[in-house]
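Asks: Questions regarding the structure given below will be posed in turn.
The values are calculated or read from the model by the stated rules, or taken from the named source; none is laboratory data. Keep in mind the model is a prediction, meaning the values are calculated, not measured. Positions of Cβ are generated from backbone atoms using ideal geometry, with glycine treated the same way; all protein chains shown enter the neighbour counts. Remember, those area values only see protein heavy atoms, side chains included, never the ligands or the DNA or RNA. Shrake-Rupley method; radii C 1.70, N 1.55, O 1.52, S 1.80 Å.
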Amino acid sequence: MEKITLIVVTDDREYGMALSKALQQLCGGVVIRLLGKEQFFVRMRAEGAAAVKPWLDSADVILWDGDEAKTAYGGRLVMLSDKPAMLVRNCRDKRFCLYKYSPAQTMAASLFEICGVLSGKRRANVSRQTTDLLAFTSWSGGSGCTSLALAVAQELRRFAGKRVLYVSFEETESTGEFMGSPAGMRGAGVYLYHLFKGDVRTLAGRDAEAVSPAVEGFVIHDDFGVEAFAPTAGRNPLAELAADEAEILVASLIDSGRYDVMIMDLGDSLSETAMSCMEMAERICLVSGGDCRSREEQYIQHIMRCCGEDIVEKTIKVRNMAPAGADAEEAAHEGEEMIETGLRIERSSTFLQRGETKRIFLDGAFGQSIRTLTARLTEGFADACRS
């Protein structure tokens, strides 16, 4: 697919350079031309509107800093204003005005959506033959399921160079605790609105390129490049999906061609959606963080009834932050468990509270445990983890 081309017209060259560099750092598939207003008008006068029109038409979006072009407002022209109150987002009439001092990630997200509306294009992505799906689940809340899911995501991103999307299906997601979200970012709820605004029953049979919104406009990323939907205040809209809707969502994310690995955090859910995600996943990590063996067995039995007994063949059970004496307890019950404990995850002492977000440090015993877990989960995946 062709790259997205932007023309930025501004007399504030420092601002134009800063905006261009920020957008290109966030969006490698974007070509940006920076022009001063006088330079733009001189070219118009010298070559004439008819001669310049093909050159302008080659741009997917023209960002104009100021109100000189407001008589031509519309079409591929997007205004930049220094007043937040002037923001306009009218997809029906194709009229847009952005606040020029929005965070770069918010600006990039808006531009992806606008470009899709104006030109039908999406950002060019490297073609991928497949997207590997990993699911993380637990029979009890507070077991560290999210921490392990994100740690594995970072391991794959940092040390294997994989493009990773973390998707939380928990009723109350904790994405915001690990990733900062710039003001103005729209998340999974808006993505779902655009995905399902047609007849949901017909989406599965239609061209995904035509019905799927550009996911780049709805995701944030951590310091290492792991992406996730911008967190939603209140109940997580992904937790409310029906099983068939979750399948369409996952299919749309795979069809974007953007990700090598998708990590689905199911928490302790026993919903039909969670069962559907487990069935779609190539591997499942069952996180055990407590000592109530009967509840764990009931949880596993429910999964086997819903997904079939062969679900255990792709499930790896881990003990997270196992207390002292756990080895003796496990030895006493050896042979009784439906899924044997695959490995022990050491307690992490390297969480650093930084403002309102937490950071995971993949070093020491915890990092080694995550490396081993990642290798087990991605066994058979090509070049999945570091050696």
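Asks: Does segment 266-284 contain at least one residue that is part of a strand (DSSP E or B), touching a helix residue (DSSP H, G or I) at 6+ places or on another chain (Cβ under 9 Å) and at pLDDT below 90? Steps first, answer last, please.
Replies: Just the residues of segment 266-284 that are part of a strand (DSSP E or B), to begin with: 266-267, 283-284.
Retained after the next criterion (residues that are touching a helix residue (DSSP H, G or I) at 6+ places or on another chain (Cβ under 9 Å)): 266-267, 283-284.
When the remaining residues are screened for being at pLDDT below 90, the result is none.
No, segment 266-284 contains no residue that is part of a strand (DSSP E or B), touching a helix residue (DSSP H, G or I) at 6+ places or on another chain (Cβ under 9 Å) and at pLDDT below 90.
Asks: In this structure, does ARG13 turn out to be over 18 Å from LEU118 (Cβ atoms), of a type in the set (Lys, Arg), surrounded by fewer than 14 Cβ atoms within 10 Å (Cβ to Cβ) and modelled with pLDDT of 90 or more? Spell out the reasoning first.
Replies: On the way: over 18 Å from LEU118 (Cβ atoms): yes; of a type in the set (Lys, Arg): yes; surrounded by fewer than 14 Cβ atoms within 10 Å (Cβ to Cβ): yes; modelled with pLDDT of 90 or more: yes.
The answer is yes for ARG13.
Asks: Name every residue in segment 41-61 that is touching a strand residue (DSSP E or B) at 6+ places or on another chain (Cβ under 9 Å), assigned to a helix (DSSP H, G or I) and either at pLDDT 80 or above or open to solvent by 70 Å² or more (accessible area, probe 1.4 Å) (or both), in order of residue number.
Replies: If the condition is that a residue be touching a strand residue (DSSP E or B) at 6+ places or on another chain (Cβ under 9 Å), assigned to a helix (DSSP H, G or I) and either at pLDDT 80 or above or open to solvent by 70 Å² or more (accessible area, probe 1.4 Å) (or both), then ARG43 is the only one that fits.
Asks: Something else: I need the full set of residues from segment 236-287 which are in contact with a strand residue (DSSP E or B) (Cβ under 8 Å, 6 or more places away or on another chain) and open to solvent by 20 Å² or more (accessible area, probe 1.4 Å), in order please.
Replies: Passing the criteria: ILE254, ASP260, ASP268, SER269, MET280, GLU282, ARG283.
Asks: When segment 62-97 is examined, which residues are found to be open to solvent by 80 Å² or more (accessible area, probe 1.4 Å) and among the hydroxyl-bearing types (Ser, Thr, Tyr)?
Replies: Listed by number, the list holds a single entry, THR71.
Asks: So ARG157 passes all but one of these: (1) assigned to a loop (DSSP other than H, G, I, E, B); (2) open to solvent by 30 Å² or more (accessible area, probe 1.4 Å). Which condition number does it fail?
Replies: Only one criterion in (1) assigned to a loop (DSSP other than H, G, I, E, B); (2) open to solvent by 30 Å² or more (accessible area, probe 1.4 Å) is unmet by ARG157, namely (1).
Asks: Where in segment 291-387 are the strands (runs of 3 or more DSSP E), entirely inside, with at least 1 residues that are open to solvent by 80 Å² or more (accessible area, probe 1.4 Å), under 30 Å from ASP223 (Cα atoms) and modelled with pLDDT of 85 or more? Let's see the steps before the verdict.
Replies: On the way: elements: 315-320, 341-345, 352-354, 357-359.
Of the strands (runs of 3 or more DSSP E) lying wholly inside segment 291-387, none has at least 1 residues that are open to solvent by 80 Å² or more (accessible area, probe 1.4 Å), under 30 Å from ASP223 (Cα atoms) and modelled with pLDDT of 85 or more.
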